[in-house]
Structures are given as C-alpha cells and as structure tokens.
Amino acid sequence: MDMKRNVFALFTAVMMSFVLAVALCLRVLSAPQTVFSQADNSMKIVLDAGHGGVDGGVVGVRSGEKESDINLSITLKLKDELESMGFAVVLTRKTQAGLYGTATKGFKRRDMQKRKEIIEAEEPALVISIHQNFYPSQTLRGAQVFYAKDGEKGKALAGAIQEKLNGLYQGEGVKARNIAAGDYYMLNCTTFPSVIVECGFLSSPADDMLLTSNAWQKRIAEKIAAGALAYLSGAAT
C-alpha cells in the first residue's frame, strides 16, 4: 500500500511539473516580444521635449494650448512606445518646467546647454527632439523632420521617421512633406544622430485639433517609434 502511495505521489508530482512547464511556455510565447535588450546600451535613445517653463513655444491657433505642454505629452507617449520595444529611454525634460534653473538673463542658453550635457553623458544611439510647427498661413499642415546639414546618419533617421509620419497624415488628406536640413542647436550640439520632429502645425486649425488629442498624440508617438526602429534596424545590418 505504501509503495502504491509513493508511486501515485511521484506520478502526481511529475504531472504537475509538466503542466506548469507547459503553462509557462505558453505564457512566454503569448507575451509581447521586445526588439532589443534593455541592457544593450547601444540602443539607448534620448528624447527631448522642446521648450518648457517660461519658454512655452508657440500656441495652438484654436486650442490655445502651449507647444511646450504638447511636446511633453507626445514625448512621454513616445517613451512608452520605445520602452515597449526594449529601448532604454532617457528624457531631457520630464516635467513642464524648463532646465534653466531660475528665469533670469541667459536662461535659454542655460536650458540648451543642460540638454547638451544630458545627451553627451548618456552617449545615445540617437536623439529625437519633439516640437510643433507654426506658420503665418493656416493652410500648411503635416509633420516635418529636420536633420543637421552634412549629418548623414541624422538624415537617414529623419527619412525613416518622415516616411512613417507622412503615411499617418496622408490618411487625413495631407500632402506628404520632405525632410530638411536645419541649422538648430539641438541638431548641432553633439555628434550623435539627432533629429527635430515638428509633429504638425499649431497654426492650422485642423492640425491643432489633432495635436491636442491624446489619441492622435499616441499615433504620432507610434509612427516616430516605428521610424526610429526602422533606422536602427537598417543601421545594424
């Protein structure tokens, strides 16, 4: 009788182990797979939410919302997207405040210098600075990505992101835009591949309505992340 009990107990233990192993395998197979390891420092990305604090940037023509707040909202959504892919993400600005300390003379220079210091300390694979565009005419619409002149890696990154954003805006009947070289501090302050993404025109009532929508901001973030992934996947081959 004792031997039968022992055999039954052993059989039960083996079966339970088998069932648990199968369940664990199914859980792993059904879980979202990351593209890169968080431990891979070469896959670190710095995200820069433009403006902040007393420097609110431009204002939505219809919504009245500040560019700095929209920039931060999109940046935080982009951070989530990139981290879900396995990237390590560092933010230059995490709150509505600027990086200048006190709003005294020279605050803008101090703010930009601090962003440069963060980028250089992190040594990222790339830098994405989020902004919103504005133009006297309300007819211009869509996203446009800028890169540093003579920066071939930045140009390739800009092209990958622009392609994704054009596809998004074309669904709204907006004509595709082209990448452009820009002489901006955030593009020139370091040697790491950097782009400025102007996510749309706050001077356009239609773009303004989209850019202040959480749903559209998430779609913008998804497309920027997809562009960054496409660039890095190509750069790694």
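The values are calculated or read from the model by the stated rules, or taken from the named source; none is laboratory data. Note that the structure is predicted; figures quoted are calculated from it, not measured. FYI the Cβ positions are ideal-geometry reconstructions off the backbone, even for glycines, and counts take in every protein chain you see. Quick note on the areas: whole protein, heavy atoms, side chains included, nothing else; ligands and nucleic acids left out. Shrake-Rupley method; radii C 1.70, N 1.55, O 1.52, S 1.80 Å.
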Hey, does the stretch 90-97 have a residue that's out of contact with any strand residue (DSSP E or B) (no Cβ under 8 Å at 6 or more places or on another chain), among the hydrophobic types (A, V, I, L, M, F, W, C) and open to solvent by 30 Å² or more (accessible area, probe 1.4 Å)? no
Which residues, taken from the stretch 121-155, are surrounded by 13 or more Cβ atoms within 10 Å (Cβ to Cβ), over 15 Å from Thr190 (Cβ atoms) and among the hydroxyl-bearing types (Ser, Thr, Tyr)? Tyr135
What pairs can you find where one residue is in the stretch 47-75 and at positive phi and part of a loop (DSSP other than H, G, I, E, B), the other is buried (at least 18 other Cβ atoms within 10 Å of the Cβ) and of a type in the set (Lys, Arg), and their Cβ atoms are less than 8 Å apart, with a gap of 6+ or different chains? His51/Lys66; Gly57/Lys66
Selection within the stretch 162-183 - under 17 Å from Gln217 (Cβ atoms) and open to solvent by less than 20 Å² (accessible area, probe 1.4 Å): Leu165, Leu168, Tyr169, Val174
Among what's in the stretch 184-221 and is touching a helix residue (DSSP H, G or I) at 6+ places or on another chain (Cβ under 8 Å), open to solvent by 10 Å² or more (accessible area, probe 1.4 Å) and in a loop (DSSP other than H, G, I, E, B), pick the residue that is nearest to Ala143 (Cα to Cα). Thr212
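Does the stretch 57-76 hold any residues that are open to solvent by 10 Å² or more (accessible area, probe 1.4 Å) and under 22 Å from Cys189 (Cα atoms), and which are they? Spell out the reasoning first.
Pass one, the stretch 57-76, residues open to solvent by 10 Å² or more (accessible area, probe 1.4 Å): 57-59, 61-66, 69, 72-73, 76.
The answer is Gly57, Leu72.
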